[in-house]
Amino acid sequence: MGESSLTNFFILAPDIFLFLIPAITMRLFSEENRTGTLELLLTKPITEFKLVFSKFIAGLILVIVSILPTLVYYISVGEMGMSSWNIDSAATWGGYIGLLLLGGVFVSIGLFTSSISNNQVVAFMLSVALCFSFYLGFGFIASFFEAPYDLIFLKVGIAEHYSSIQRGVIDSRDVIYYLSVISFFLMLTKLVLQSRKW
């Protein structure tokens with residue numbers, strides 16, 4: 001096409017995130033629960049939501065740090081095109097925004113699974129299963145239905161929203177979807193921590 005593109009990178013990145021992010025988040029609560037330091041944290045004068053949100057931000061910062069070195073791809077692909085910087089920048093930056101939002105969803109799912117298990121390996125496996133279900137599972141279920149019912153399952157899954165943002169189209173519906181899923185799993189994690197107090 002005569003244009004440089006990082007499309008293949010943004011297609012492959014979610015598959016890597018399916019295993020990388022659960023590995024990052026598996027210790028966030030399960031290790032503290034196993035060693036007994038979670039009770040100490042819960043006695044501090046901070047709310048459960050502040051505790052959950054700070055763990056979420058810590059996990060998200062690690063995801064951002066893991067994404068930052070890939071900017072080298074953007075620079076090198078931009079320089080190696082037929083003409084210098086003949087790269088679709090809108091799609092590239094849309095892909096990075098999509099990766100950040102996807103990372104946020106996977107971190108929130110990982111936090112939830114880490115809070116319900118004392119074992120890191122169990123938290124990792126549960127997180128991989130949930131992330132995989134939300135990313136590809138609903139699309140698989142949608143393949144068994146015909147229009148317009150398949151659209152319901154496609155819109156619930158992450159892949160449909162990610163592919164839209166990855167093309168450089170940042171729709172408010174997609175952003176609201178990601179923020180809603182993140183909030184849902186953060187609230188579930190907060191409820192799990194509250195139940196441990198009783």
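So the values come out like this:
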| read-out | value |
| --- | --- |
| Theoretical FRET efficiency, 1/(1+(r/R0)^6), r = Cβ-Cβ of Ser143 and Ser76, R0 35 Å, to 0.05 | 0.40 |
| Label zone at Ile64, where the point sits 7 Å out along the Cα-to-Cβ direction: the range 1-30 residues whose backbone N lies under 18 Å | 21, 24-25 |
| Ranked packing of 183-192, 108-117, most packed first, by mean Cβ within 10 Å | 108-117, 183-192 |
| Rounded to 10°, Cα long-axis angle of helix 89-115 versus longest principal axis of the chain | 20 |
| Two-site label geometry, Ser195 and Thr43: point separation in nm, points 7 Å out along Cα→Cβ | 2.4 |
| Computed magnitude of the charge dipole of the chain (debye, nearest 20; Cβ of K, R +1, Cβ of D, E -1) | 860 |
| Cβ crowding within 10 Å averaged over residues, with 97-107, 30-40, 154-164 ranked highest first | 97-107, 154-164, 30-40 |
| Spacing of the two label points (7 Å from each Cα toward its C-beta) at Ile16 and Arg167, in nm | 2.4 |
| Net charge over other residues, Cβ less than 13 angstrom from the Cβ of Tyr135 (K, R count +1; D, E count -1) | -2 |
| Count of lysine pairs in the chain with Cα separation under 24 Å (8 or more residues apart, or interchain) | 7 |
| Within the chain, helix-based [θ] at 222 nm, where runs of 4 or more DSSP H residues each add -39,500 (n - 2.57), nearest 500 | -24500 deg cm²/dmol |
| Distance in nm between pseudo-label sites at Phe53 and Phe132 (7 Å out along the Cβ direction from Cα) | 3.4 |
| Charge context of Gly157, other residues only, Cβ under 13 angstrom, K/R +1, D/E -1 | -2 |
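Read-outs throughout are calculated quantities, based only on the coordinates presented, and are distinct from any laboratory measurement. A quick note: this is a predicted structure, and the numbers were derived from the prediction, not measured. Methodologically, a virtual Cβ is constructed for each residue, glycine included, from the backbone with ideal geometry; neighbour enumeration extends over all protein chains shown.
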